[in-house]
Structure formats: structure tokens, C-alpha cells
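Scroll down for the structure; my scribbles are underneath it.
The values are calculated or read from the model by the stated rules, or taken from the named source; none is laboratory data. Remember, predicted model here, so these are calculated numbers, not experimental data. When we count neighbours, we look across all protein chains shown, and the Cβ atoms used for this are built from the backbone with ideal geometry, even at glycine. All accessible areas refer to the heavy atoms of the entire protein, side chains included, with ligands and DNA or RNA removed. Shrake-Rupley method; radii C 1.70, N 1.55, O 1.52, S 1.80 Å.
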Amino acid sequence: MIHGRTAETKKRETRRVIAVIVAVVLAVVLWFTWDSANVEAEAQSALSVRNAVMDAALQCAAVEGAYPSSLTYLEEHYGLIVNHADYAVTYEAFAANVPPSVVVVPR
């Protein structure tokens with residue numbers, strides 16, 4: 001009886017190695033896909049918050065004739081709700097007749 005690797009065991013080992021390599025490559029691809037999807041979702045959420053702030057400011061300007069001077073005013077008088085734990089919102093009003101500058105950054 002010969003105790004060596006036969007052609008059949010070599011094929012099995014090769015298949016196992018290939019299966020492990022494919023599994024690792026698939027896991028890496030899935031991880032990168034998941035990460036890019038999360039980044040895209042975060043950016044879309046920040047854009048939605050910015051649009052909500054701008055819509056509330058525009059509504060205020062239409063009703064009162066001037067853009068509000070602060071984000072707090074929109075939250076108190078126009079029902080705007082911003083999750084400050086998840087987003088940093090910078091609201092800068094230059095003048096009452098100029099739309100404010102709004103920057104939303106996910107935390």
C-alpha cells in the first residue's frame with residue numbers, strides 16, 4: 001500500500017482551496033458593497049434634512065415676507081424637526097430677503 005497523495009486527493013484539496021478563495025473574495029466584495037450603500041444612504045439622508053430645512057425657510061418667507069434668522073425659529077414656529085444627535089446643521093441667514101445657507105453633515 002502506498003501512502004502518497006493520489007490524483008483524487010489533489011483534486012479535492014484544489015477544490016477546497018478554490019472554494020475558500022471564492023468565499024473570501026465574495027465576502028470582501030459584499031463588505032465593500034455594503035459600505036458604499038451605507039455611505040450613499042447617509043448622504044441621501046443629509047440631503048433630505050437640508051431640503052426639509054430649505055422648504056421650511058421658503059414657507060416662512062412666503063408667509064411672513066422674510067427668511068427666518070435662525071433654525072430654532074423654524075423648529076418652534078413651522079414644525080421643523082431635526083435630529084440634532086444624527087446631523088450637524090449649519091444655518092446662516094445673511095439678510096431677510098436672501099435665502100439662508102444651509103449645510104447638513106451626518107455625525
Tell me, what is a quarter of the convex hull surface for the C-alpha atoms of the chain, in nm² with one decimal? 10.5
Place +1 on the Cβ of every Lys and Arg and -1 on the Cβ of every Asp and Glu in the chain, take the dipole about the Cα centre, and give the residue among N38, P106, A27 whose Cα lies farthest towards its positive end. A27
Ranking by accessible area, most exposed first, for R107, R50 with a 1.4 Å probe: R107, R50
Mind grabbing the accessible area of D86 for me, 1.4 Å probe, Å², rounded to tens? 80
Relative contact order, percent, of the chain when contacts are C-alpha pairs under 8 Å separated by at least 6 residues? 22
Separation between the R12 and S101 pseudo-spin-labels, each 7 Å from Cα along Cα→Cβ, expressed in nm? 7.0
Probe radius 1.4 Å, ligands and nucleic acids left out: which of L71, L47 has the largest accessible area, and how do the rest follow? L47, L71
Heavy atoms only, probe 1.4 Å: what % of the accessible area of the chain goes to carbon and sulfur, would you let me know? 62
Rounded to the nearest 10 Å², the accessible area of V63 using a 1.4 Å probe with every protein chain kept is 100
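Near P106, within a Cβ-to-Cβ distance under 14 Å, what is the net charge of the other residues, with Lys and Arg +1 and Asp and Glu -1?
-1
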Which FRET efficiency value, to the nearest 0.05, is calculated for F94 and Q44 with the Förster distance at 25 angstrom and r the Cβ-Cβ distance? 0.35
Tilt of helix 7-64 relative to the longest C-alpha principal axis of the chain, in degrees (0 to 90, nearest 10)? 0
